[in-house]
Amino acid sequence: MSTKLFDLSGKTALITGSSRGLGRAMAEGLAAAGAAVVLNGVDAQRLSDAAAQMRAQGYTVHESAFDVVDEAAVLAAFEALDAQGIEIDILINNAGIQFRKPLAELETADWRRVVDTNLTAAFVIGREAGRRMLTRKRGKIINIGSLMSGLGRVTVGPYTAAKAGIKALTQTMTAEWAEHGIQANAIGPGYMLTDMNKPLIENETFNAWVVGRTPARRWGNPDELVGTAIFLASSASDYVSGQIIYVDGGMTAIL
Ligand code: GCO
């Protein structure tokens, strides 16, 4: 019984921003659990390389190269999936960027770029996937939030506003779609060893702060999100909606 609960065989998952980092780790994890995956990224070559590596592991992998902030490209990508008969059962809204600057120095254009990429895109892609899931009366949506979905930090204002919005968008998806068989939840990764965080990891003072502030006394590895992603993508979570699960070494649990 237990293993079947987490079996994703016969399901197809679209993971945005999945040619590297957290998205790639989750794509590998869902594929290992039996899902076919649709990889997404803006860099077609990097996407193709990632797809080839995953196919070499025996996984079923489709590629969909589009920039998540380009609404026309998103619509075209979903129409292409429709035309290929590829139904998205699981959506992971993972793609995101970071831009660190104090609010008083921040240009509005930079604010908009981060919010558009990290929040508005999750709405647009969530709407397109959700419309199709509603016709089938089933679907799983996993929005990737952050520690910043509930906590603030200096210099990451637009990222924080967007990730707090991700938590709220997840709750609205739940309010409107749970009765139609769609479960929408969020994952809040802690400080993970990713390219986006490279400047922080290499900063001795920041690194010491993360290690001291995190009960687990270490940064997280991207593959440590996989278990939570499989849980939220599988029938094991059919009565879980609108939640955010922090995978953060305990950081949000303590002062
Ligand atoms: C930062 C980091 C964080 C982490 C992550 C934490 O500058 O503080 O980029 O935002 O990346 O989002 O959940």
Could you go through the stretch 210-226 and let me know if any residue there is closer than 20 Å to residue 163 by Cα and away from the ligand (no atom under 15 Å from the Cβ). yes
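Just wondering, is there one or more residues in the stretch 123-134 that are touching a Phe, Trp or Tyr at 6+ places or on another chain (Cβ under 8 Å) and of a type in the set (Val, Ile, Thr)? Even if it seems obvious, please write down each step before you answer.
Let us first name the residues in the stretch 123-134 that are touching a Phe, Trp or Tyr at 6+ places or on another chain (Cβ under 8 Å), namely 128-130, 132-134.
Subset that is of a type in the set (Val, Ile, Thr): none.
So far as the stretch 123-134 goes, no, none of its residues is touching a Phe, Trp or Tyr at 6+ places or on another chain (Cβ under 8 Å) and of a type in the set (Val, Ile, Thr).
Considering only residues that are assigned to a loop (DSSP other than H, G, I, E, B) and within 11 Å of the ligand (Cβ to nearest atom), which ones fall in the stretch 199-209?
The first filter runs over the stretch 199-209 and keeps only residues assigned to a loop (DSSP other than H, G, I, E, B), leaving 202-203.
Matches in the stretch 199-209: 203 only.
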If you go through the stretch 181-198 one residue at a time, how many are more than 11 Å from the ligand (Cβ to nearest atom) and either on the phi > 0 side of the Ramachandran plot or assigned to a helix (DSSP H, G or I) (or both)? 1
Mind checking which residues of the stretch 90-132 are free of Cβ contacts under 8 Å to residues at least 24 places away in the same chain and either aromatic (Phe, Trp, Tyr) or outside any helix (DSSP H, G or I) (or both)? 107
Being within 17 Å of the chain's Cα centre (by Cα), surrounded by fewer than 22 Cβ atoms within 10 Å (Cβ to Cβ) and among the hydrophobic types (A, V, I, L, M, F, W, C) is the filter here; which residues of the stretch 156-184 pass it? 161, 164, 168
Identify all residues within the stretch 197-226 that are out of contact with any Gly (no Cβ under 7 Å at 6 or more places or on another chain) and of a type in the set (A, V, I, L, M, F, W, C); write none if there are none. 200, 201, 206, 208, 209, 210, 211, 219, 225
What residue, among those in the stretch 180-236 that are touching a Pro at 6+ places or on another chain (Cβ under 8 Å) and among the aliphatic types (A, V, I, L, M), is nearest to residue 123 (Cα to Cα)? 225
For residue 187, state whether it is under 20 Å from the mean Cα position of the chain (by Cα), among the aliphatic types (A, V, I, L, M) and within 30 Å of residue 112 (Cβ to Cβ). yes
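Just give me the residues in the stretch 133-152 being part of a helix (DSSP H, G or I) and either more than 10 Å from the ligand (Cβ to nearest atom) or among the β-branched types (Val, Ile, Thr) (or both), in sequence order. I'd like the intermediate steps shown before the answer.
Of the stretch 133-152, the ones part of a helix (DSSP H, G or I) are 133-136, 147-149.
Within the stretch 133-152, 133, 134, 135, 136 qualify.
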Only residues in the stretch 153-180 that are free of Cβ contacts under 8 Å to residues at least 24 places away in the same chain and within 12 Å of the ligand (Cβ to nearest atom) count as the first member; pair them with residues that are polar (S, T, N, Q) and assigned to a helix (DSSP H, G or I), Cβ under 9 angstrom, at least 6 apart or cross-chain, and list the lot. 153/160; 160/149; 164/149
Tally the residues that are aliphatic (A, V, I, L, M), in a helix (DSSP H, G or I) and surrounded by fewer than 18 Cβ atoms within 10 Å (Cβ to Cβ), restricting the search to the stretch 29-69. 4
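A short reminder: the numbers here are calculations on the coordinates, not readings from a lab. All of these numbers come straight from a predicted model, not from anything done at the bench. Cβ atoms come from the backbone with ideal geometry, glycine included; neighbour counts cover every protein chain shown.
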